[in-house]
Amino acid sequence: MYRKILIANWKMNGNSESLKSLAEHYINTFTEEQKVEVVLCPAHPYLSLVNDITGETSIELGAQNIASFPKGSYTGEVSGEMLADIGCKYVIIGHSERRKLFNEQSEEIARKIELAAQNNLIPVLCVGEELNKRQDGSYLNSIKEQIEDSQILSQKNAVIAYEPVWSIGTGVIPTVEEIAEVVDIITTMSKAKVLYGGSVSADNSRLVSGIANLDGFLVGAASLKAEEFYAIYKSLSG
(Lines give C-alpha, C1' and ligand atoms only; values in the text may rest on other atoms or scores of the structure.)
Protein backbone atom coordinates (compact mmCIF):
# COMPACT_ATOMS: atom_id res chain seq x y z
CA MET A 1 0.00 0.00 0.00
CA TYR A 2 1.30 3.43 -0.94
CA ARG A 3 2.25 5.64 1.99
CA LYS A 4 3.89 9.01 2.15
CA ILE A 5 7.13 9.32 4.12
CA LEU A 6 8.04 11.74 6.89
CA ILE A 7 11.69 11.55 7.97
CA ALA A 8 13.03 13.28 11.08
CA ASN A 9 16.72 14.11 10.78
CA TRP A 10 17.70 14.95 14.35
CA LYS A 11 21.31 15.62 13.29
CA MET A 12 23.78 16.05 16.20
CA ASN A 13 21.14 17.13 18.71
CA GLY A 14 19.58 15.81 21.89
CA ASN A 15 20.60 13.44 24.65
CA SER A 16 19.24 10.20 26.09
CA GLU A 17 16.56 11.91 28.12
CA SER A 18 15.29 14.35 25.48
CA LEU A 19 15.29 11.88 22.58
CA LYS A 20 13.65 9.17 24.65
CA SER A 21 10.90 11.62 25.58
CA LEU A 22 10.48 12.73 21.98
CA ALA A 23 10.32 9.17 20.63
CA GLU A 24 7.78 8.16 23.27
CA HIS A 25 5.68 11.20 22.46
CA TYR A 26 5.72 10.36 18.76
CA ILE A 27 4.62 6.73 19.17
CA ASN A 28 1.63 7.99 21.12
CA THR A 29 0.86 10.71 18.59
CA PHE A 30 1.23 9.24 15.11
CA THR A 31 -1.75 6.96 14.72
CA GLU A 32 -2.48 7.18 10.99
CA GLU A 33 0.36 4.88 10.01
CA GLN A 34 -1.59 3.59 7.03
CA LYS A 35 -1.16 7.01 5.39
CA VAL A 36 2.31 8.15 6.49
CA GLU A 37 5.46 6.20 7.33
CA VAL A 38 7.35 8.09 10.03
CA VAL A 39 11.13 7.55 10.22
CA LEU A 40 13.26 8.79 13.12
CA CYS A 41 16.97 9.36 12.48
CA PRO A 42 18.89 10.03 15.70
CA ALA A 43 22.66 10.27 15.93
CA HIS A 44 24.39 6.88 15.93
CA PRO A 45 24.83 6.60 19.74
CA TYR A 46 21.04 6.79 20.22
CA LEU A 47 19.91 4.36 17.53
CA SER A 48 19.47 1.50 19.97
CA LEU A 49 17.66 3.70 22.48
CA VAL A 50 15.14 4.88 19.89
CA ASN A 51 14.77 1.39 18.44
CA ASP A 52 13.94 -0.01 21.89
CA ILE A 53 11.08 2.49 22.09
CA THR A 54 9.74 2.28 18.53
CA GLY A 55 10.66 -1.30 17.60
CA GLU A 56 7.16 -2.74 18.10
CA THR A 57 5.38 0.23 16.54
CA SER A 58 4.81 1.47 12.98
CA ILE A 59 7.58 4.07 13.35
CA GLU A 60 10.75 3.14 11.47
CA LEU A 61 14.40 3.76 12.34
CA GLY A 62 16.91 5.48 10.09
CA ALA A 63 20.57 6.43 10.30
CA GLN A 64 22.12 9.75 9.33
CA ASN A 65 25.15 8.24 7.62
CA ILE A 66 26.80 4.99 6.57
CA ALA A 67 30.44 4.01 6.05
CA SER A 68 31.69 3.72 2.49
CA PHE A 69 33.43 0.45 3.40
CA PRO A 70 31.75 -2.87 4.32
CA LYS A 71 33.92 -3.62 7.38
CA GLY A 72 37.45 -3.42 8.69
CA SER A 73 39.91 -1.02 10.28
CA TYR A 74 38.02 2.24 9.85
CA THR A 75 37.98 3.82 13.28
CA GLY A 76 34.85 5.80 14.02
CA GLU A 77 32.84 4.47 11.06
CA VAL A 78 29.56 2.52 11.20
CA SER A 79 28.87 -0.08 8.51
CA GLY A 80 25.66 -0.89 6.72
CA GLU A 81 25.69 -4.35 8.28
CA MET A 82 25.80 -2.76 11.74
CA LEU A 83 22.97 -0.37 10.94
CA ALA A 84 20.78 -3.20 9.66
CA ASP A 85 21.65 -5.32 12.70
CA ILE A 86 20.56 -2.56 15.07
CA GLY A 87 17.17 -2.22 13.37
CA CYS A 88 17.56 0.53 10.76
CA LYS A 89 15.37 0.50 7.65
CA TYR A 90 16.58 3.75 6.08
CA VAL A 91 19.85 5.64 5.84
CA ILE A 92 20.42 9.25 4.77
CA ILE A 93 23.22 9.58 2.21
CA GLY A 94 24.85 12.60 0.60
CA HIS A 95 23.32 15.28 2.79
CA SER A 96 24.67 18.72 1.86
CA GLU A 97 26.30 19.01 5.28
CA ARG A 98 28.24 15.80 4.58
CA ARG A 99 29.19 17.04 1.13
CA LYS A 100 30.30 20.47 2.38
CA LEU A 101 31.76 19.82 5.84
CA PHE A 102 33.25 16.38 5.19
CA ASN A 103 34.00 16.77 1.49
CA GLU A 104 31.95 13.76 0.40
CA GLN A 105 32.27 13.31 -3.35
CA SER A 106 30.12 11.48 -5.88
CA GLU A 107 32.22 8.32 -5.90
CA GLU A 108 31.98 7.92 -2.12
CA ILE A 109 28.25 8.62 -2.16
CA ALA A 110 27.76 5.96 -4.83
CA ARG A 111 29.67 3.41 -2.73
CA LYS A 112 27.48 4.22 0.27
CA ILE A 113 24.30 3.74 -1.74
CA GLU A 114 25.51 0.37 -3.01
CA LEU A 115 26.45 -0.78 0.50
CA ALA A 116 23.09 0.37 1.85
CA ALA A 117 21.30 -1.71 -0.78
CA GLN A 118 23.51 -4.73 -0.08
CA ASN A 119 22.36 -4.60 3.54
CA ASN A 120 18.67 -4.12 2.66
CA LEU A 121 18.70 -0.52 3.83
CA ILE A 122 16.69 2.02 1.85
CA PRO A 123 19.00 4.86 0.78
CA VAL A 124 17.69 8.40 1.10
CA LEU A 125 19.83 10.35 -1.33
CA CYS A 126 19.92 14.10 -0.71
CA VAL A 127 20.38 16.35 -3.73
CA GLY A 128 20.20 20.10 -4.07
CA GLU A 129 21.81 23.18 -5.53
CA GLU A 130 23.96 25.91 -4.08
CA LEU A 131 22.62 29.46 -4.36
CA ASN A 132 24.96 30.34 -7.24
CA LYS A 133 23.59 27.40 -9.26
CA ARG A 134 20.05 28.63 -8.69
CA GLN A 135 21.02 32.15 -9.69
CA ASP A 136 22.91 31.25 -12.87
CA GLY A 137 20.21 28.84 -14.03
CA SER A 138 22.33 25.66 -13.92
CA TYR A 139 20.50 24.15 -10.92
CA LEU A 140 18.62 21.46 -12.86
CA ASN A 141 21.79 20.17 -14.51
CA SER A 142 23.50 20.14 -11.11
CA ILE A 143 20.70 18.07 -9.58
CA LYS A 144 20.62 15.66 -12.53
CA GLU A 145 24.38 15.13 -12.23
CA GLN A 146 24.11 14.41 -8.50
CA ILE A 147 21.44 11.79 -9.15
CA GLU A 148 23.27 10.15 -12.06
CA ASP A 149 26.65 10.12 -10.31
CA SER A 150 25.17 8.53 -7.18
CA GLN A 151 24.16 5.38 -9.11
CA ILE A 152 20.82 5.44 -7.29
CA LEU A 153 18.97 4.97 -10.57
CA SER A 154 20.01 1.31 -10.52
CA GLN A 155 18.36 0.73 -7.14
CA LYS A 156 14.84 -0.71 -7.03
CA ASN A 157 13.96 0.67 -3.60
CA ALA A 158 15.18 4.20 -2.94
CA VAL A 159 14.22 7.70 -1.87
CA ILE A 160 15.51 10.98 -3.26
CA ALA A 161 15.18 14.10 -1.12
CA TYR A 162 15.41 17.48 -2.78
CA GLU A 163 17.03 19.92 -0.37
CA PRO A 164 18.14 23.23 -1.91
CA VAL A 165 21.36 23.98 -0.05
CA TRP A 166 20.53 27.67 0.25
CA SER A 167 17.31 26.82 2.09
CA ILE A 168 18.59 24.38 4.73
CA GLY A 169 18.37 25.95 8.16
CA THR A 170 17.87 29.45 6.78
CA GLY A 171 14.10 29.71 6.99
CA VAL A 172 14.06 30.62 3.29
CA ILE A 173 12.02 28.21 1.19
CA PRO A 174 11.64 28.03 -2.59
CA THR A 175 8.26 28.75 -4.10
CA VAL A 176 5.88 25.85 -4.69
CA GLU A 177 6.52 26.24 -8.41
CA GLU A 178 10.29 26.00 -7.93
CA ILE A 179 9.97 22.86 -5.83
CA ALA A 180 7.47 21.30 -8.23
CA GLU A 181 9.84 21.86 -11.15
CA VAL A 182 12.60 19.88 -9.46
CA VAL A 183 10.21 17.16 -8.26
CA ASP A 184 9.01 16.70 -11.85
CA ILE A 185 12.58 16.37 -13.11
CA ILE A 186 13.40 13.75 -10.48
CA THR A 187 10.28 11.72 -11.21
CA THR A 188 11.09 11.65 -14.92
CA MET A 189 14.54 10.26 -14.09
CA SER A 190 13.68 7.78 -11.36
CA LYS A 191 10.97 5.63 -9.83
CA ALA A 192 12.24 6.53 -6.35
CA LYS A 193 9.95 8.27 -3.91
CA VAL A 194 10.65 12.00 -3.84
CA LEU A 195 10.75 14.09 -0.66
CA TYR A 196 11.31 17.78 -0.04
CA GLY A 197 13.58 19.11 2.69
CA GLY A 198 14.90 22.55 3.53
CA SER A 199 13.38 24.71 6.27
CA VAL A 200 10.19 22.61 6.30
CA SER A 201 7.85 23.99 8.95
CA ALA A 202 4.27 23.83 10.16
CA ASP A 203 3.65 27.07 8.28
CA ASN A 204 4.74 25.90 4.84
CA SER A 205 4.24 22.13 4.88
CA ARG A 206 0.54 22.11 3.99
CA LEU A 207 1.11 24.21 0.90
CA VAL A 208 4.16 22.22 -0.23
CA SER A 209 2.48 18.86 0.47
CA GLY A 210 0.00 19.58 -2.30
CA ILE A 211 2.68 19.32 -5.00
CA ALA A 212 1.94 16.50 -7.43
CA ASN A 213 4.32 13.52 -7.22
CA LEU A 214 5.75 14.68 -3.89
CA ASP A 215 5.89 11.73 -1.50
CA GLY A 216 6.74 13.47 1.76
CA PHE A 217 9.30 15.47 3.70
CA LEU A 218 12.79 15.21 5.18
CA VAL A 219 12.66 17.47 8.22
CA GLY A 220 15.53 18.85 10.27
CA ALA A 221 15.07 21.35 13.09
CA ALA A 222 11.28 21.16 13.15
CA SER A 223 11.40 17.41 13.88
CA LEU A 224 12.83 18.21 17.33
CA LYS A 225 9.71 20.22 18.19
CA ALA A 226 6.84 17.88 18.92
CA GLU A 227 3.93 20.19 18.08
CA GLU A 228 5.51 21.48 14.88
CA PHE A 229 6.48 18.02 13.66
CA TYR A 230 2.94 16.83 14.33
CA ALA A 231 1.57 19.69 12.23
CA ILE A 232 3.85 18.64 9.37
CA TYR A 233 2.67 15.06 9.82
CA LYS A 234 -0.96 16.18 9.61
CA SER A 235 -0.24 18.06 6.39
CA LEU A 236 0.63 14.69 4.83
CA SER A 237 -2.01 12.53 6.51
CA GLY A 238 -4.93 14.96 6.66
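The values are calculated or read from the model by the stated rules, or taken from the named source; none is laboratory data. If you're wondering where the values come from, they're calculated on a predicted model, not measured in any experiment. A quick note on method: Cβ atoms are made from the backbone with ideal geometry, for glycine too, and the neighbour counts reach across all protein chains shown.
Selection over the range 199-218 of residues that are within 16 Å of Glu181 (Cα to Cα) and out of contact with any strand residue (DSSP E or B) (no Cβ under 8 Å at 6 or more places or on another chain) gives a count of 3.
Residues in the range 140-174 that are among the hydroxyl-bearing types (Ser, Thr, Tyr) and either modelled with pLDDT under 95 or on the phi > 0 side of the Ramachandran plot (or both): Ser154, Ser167, Thr170. If you go through the range 26-58 and pick out every residue that is polar (S, T, N, Q), farther than 14 Å from Ile7 by Cβ and in contact with a helix residue (DSSP H, G or I) (Cβ under 8 Å, 6 or more places away or on another chain), you end up with 4.
For residues that are touching a residue at least 12 places away in the same chain (Cβ under 8 Å) and assigned to a loop (DSSP other than H, G, I, E, B), tally how many sit in the range 70-102. Counting residues in the range 70-102 that are touching a residue at least 12 places away in the same chain (Cβ under 8 Å) and assigned to a loop (DSSP other than H, G, I, E, B) gives 8. Of the listed requirements (1) buried (at least 19 other Cβ atoms within 10 Å of the Cβ); (2) touching a residue at least 40 places away in the same chain (Cβ under 8 Å); (3) of a type in the set (D, E, K, R); (4) more than 23 Å from Ile232 (Cα to Cα), Lys144 misses just one: (1). Candidates are the residues of the range 31-58 that are part of a helix (DSSP H, G or I) and without any contact (Cβ under 8 Å) to a residue 12 or more places away in the chain; the one that is farthest from Ile232 (Cα to Cα) is Pro45. One residue alone among Glu181, Glu227, Glu163 is under 21 Å from Ser142 (Cβ atoms) and surrounded by fewer than 18 Cβ atoms within 10 Å (Cβ to Cβ), and that residue is Glu181.
Which of the residues belonging to the range 171-191 are in a helix (DSSP H, G or I) and closer than 18 Å to Ile147 by Cβ? Once the filter is applied, which keeps residues that are in a helix (DSSP H, G or I) and closer than 18 Å to Ile147 by Cβ, the range 171-191 yields Glu178, Ile179, Ala180, Glu181, Val182, Val183, Asp184, Ile185, Ile186, Thr187, Thr188, Met189.
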